[in-house]
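Take a look at the structure set out below.
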Amino acid sequence: MAKVKVKRKSTLIDMTAMSDVTVLLLTFFMLTSTFVQQEPVQTITPASVSEFEIPSQDVLKVLIEPNGKVFLGLDNFNDRAAALDEMLKVHSDVTLTEEQKNTFRLSEWFGVPVNQMPEFLSMRFEDQAGELKNYGVPCDSIDNQFKEWVDFATRCGSQRMKEDPAYDELENSQKRLKIIIKADKKTPYDVVKKVMDTLQELRQNRFSLITTLSEG
Amino acid sequence: MAQVEVKDNGGKKKKGQQKKMNIHVDFTPMVDMNMLLITFFMLCTTMTESRTMDLVMPSKDAVTEEQQSKLKASEAITILIGDNDKVFYYLGEPDYKDFNSLVETSLNPEDENSIRNLLLDRNEEVIGLVDEANKAYEEGQANVKAMHLSKADTEAKLAELMTVRDDAVSEAKKTKGAPMVVIKAKTTTENHDYVNGPGATYSSLVDVLDEMIVCSVGKYAVVDITDGDLFLIGNYLSKGELAASSDFGK
């Protein structure tokens, strides 16, 4: 009987081409990506044709979520610390330990009512970022901590910039903190108005709104 | 490909010849790892480009009568953003008796009665000047590129052109007779005499501000809505019934 010889085929697939493609894709993503910034709440910003870039430093961000909670973000470490000290001077009934103050300085975003701060800051640091979205800076007319924060932050910011040796060479627009409002597009105008009114009261009449670039 | 071909010399082996190995590198783990990294980058990046829109609010400090700049009624356009993002406008001074003095308009530029069309029409002169400045800038840009200068020189020339254009644009926006747009957005109202509803959303405010940029409106301000404006909206929505039953504006 003639034996039928089944030819054994190699099951190895050459992965080199595949590897080439993946490396290419990986390079593309690595070069073009900007990382999603950690923010207390996710917001979808409205579209606009405006093409100004977001300033990268010396900014005070105001984040407004659709239900009206307001959070603040300060990019400068020293400003955050200084603003907190000022804030504690006003709210003298609240005392924070050194350790709690250090924890506060570590995260860019804050937005906890001052009286709940000791409790919030003694949480594990890893949990704080996730818990923050349940709080929000009070900005009612009775208890406008938002106003106090913005006031202290902008003052501490310009104080710090004054101490900068290159201060005189800076343009006027760079001599102060830039205020950026980032609000979800579904936010009712009431909340945005409250924030804008407070900024106007502090004579911060110039600010930017974050938008998404659109073709229009 | 990732294989080093080994010549086969017919099964005969010379004495002392080293045994040649078939060198084959398996790339599968490499691909696995790359895919993992790609997935990571894809999930952690944002593709939408965030930009900012500058907004200058009017000062809240009390101003005296003399300091106030007078606005001609013929130049003023007031845009009201009402409940559920309905948009209205009136020109000049409002007429509280006639509900037709308020016109309902739309944010969709393709509509016949859109804000875009209104502003393009009213702001024709300024838009023409801005277009001219932009054209001049583009021509200049092409000329500079055609000159094939060194990189630094090209950049300096382009920056110069940019300043010229920006100056021309800001000059154009100061044209006499250009409209001044007042934007008023409604907040939530309950049990109000004239009109009740959830108010405007932030996105419609940004849309209206966007129209200002598109139509090169130089003077515009976001102002608080007044009772009179609410009355106008209520009167328009009830087709004049409110004016008949209320004594506002009489």
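A short reminder: the numbers here are calculations on the coordinates, not readings from a lab. If you're wondering where the values come from, they're calculated on a predicted model, not measured in any experiment. Every residue, glycine among them, receives a Cβ derived from its backbone with ideal geometry; neighbour counts consider all protein chains shown.
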Please compute the Kirkwood hydrodynamic radius of the protein assembly as shown from all pairs of different C-alpha atoms, in Å with one decimal. 27.4 Å
Suppose we keep just the DSSP beta bridges with both residues in chain B; what percent of those would be antiparallel, to 5? 50 percent
Provide the FRET efficiency to the nearest 0.05 for the B:E93-B:K135 pair, computing r from the beta carbons and using R0 = 35 Å. 0.40
Is the shape of the stretch A:47-213 best called rounded, prolate or oblate, per the rule: a/c under 1.5 gives rounded, else a/b larger than b/c gives prolate, else oblate, with a ≥ b ≥ c the square roots of the Cα gyration tensor eigenvalues? oblate
Per residue of B:221-227, count partner chain C-beta atoms within 10 Å of its C-beta, then hand back the mean as an integer. 1
If we count other beta carbons within 10 Å of each Cβ, what is the order of B:V31, B:V130, fewest first? B:V31, B:V130
Round to a whole angstrom and tell me the spacing of the C-alpha centers of the stretch A:9-67 and the stretch A:125-141. 26 Å
Name the lysines eligible as straight-distance cross-link partners of A:K194: C-alpha to C-alpha under 22 Å, and not fewer than 8 places from it in the same chain. A:K61, A:K69, A:K133, A:K147, A:K178, A:K182, A:K185, A:K186, B:K60, B:K86, B:K184, B:K186
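Return A:I180, A:I54 ranked ascending by Cβ neighbour count within 10 Å, so the fewest neighbours appear first. Show your work: numbers first, answer last.
Working: A:I180 19, A:I54 16.
Starting with the residue having the fewest Cβ neighbours, the order is A:I54, A:I180.
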DSSP loop (so not H, G, I, E, B), at most 12 other Cβ within 10 Å: list which GluC sites (Glu not before Pro) in the stretch B:136-213 pass both filters. B:E190
Fraction of beta bridges assigned by DSSP in the protein assembly as shown that are antiparallel (%, nearest 5): 60 percent
Charged-residue dipole, Cβ positions (Lys, Arg, Asp, Glu), the stretch A:47-213 about Cα centre, Debye nearest 20: 420 debye
How many Lys pairs in the stretch B:124-177 lie less than 30 angstrom apart by Cα atoms, where the lysines are 8 or more positions apart or on different chains? 10
Considering Cα pairs under 8 angstrom that are at least six residues apart, work out the relative contact order of the stretch A:69-216 and quote it in whole percent. 23 percent
Straight-line reach from B:K19: which aspartates and glutamates have a Cα under 15 Å away, not including same-chain ones fewer than 8 places off? B:E5, B:D8
Rounded to the nearest 10 degrees, what's the angle between the helix B:124-147 long axis and the longest principal axis of chain B, both from Cα atoms, 0 to 90? 20 degrees
Can you pull the mean other chain C-beta count within 10 Å for peptide B:30-39? 5
To the nearest 500 deg cm²/dmol, what mean residue ellipticity at 222 nm is calculated for chain A from DSSP H runs of n ≥ 4 alone, each contributing -39,500 (n - 2.57), summed and divided by the residues? -12000 deg cm²/dmol
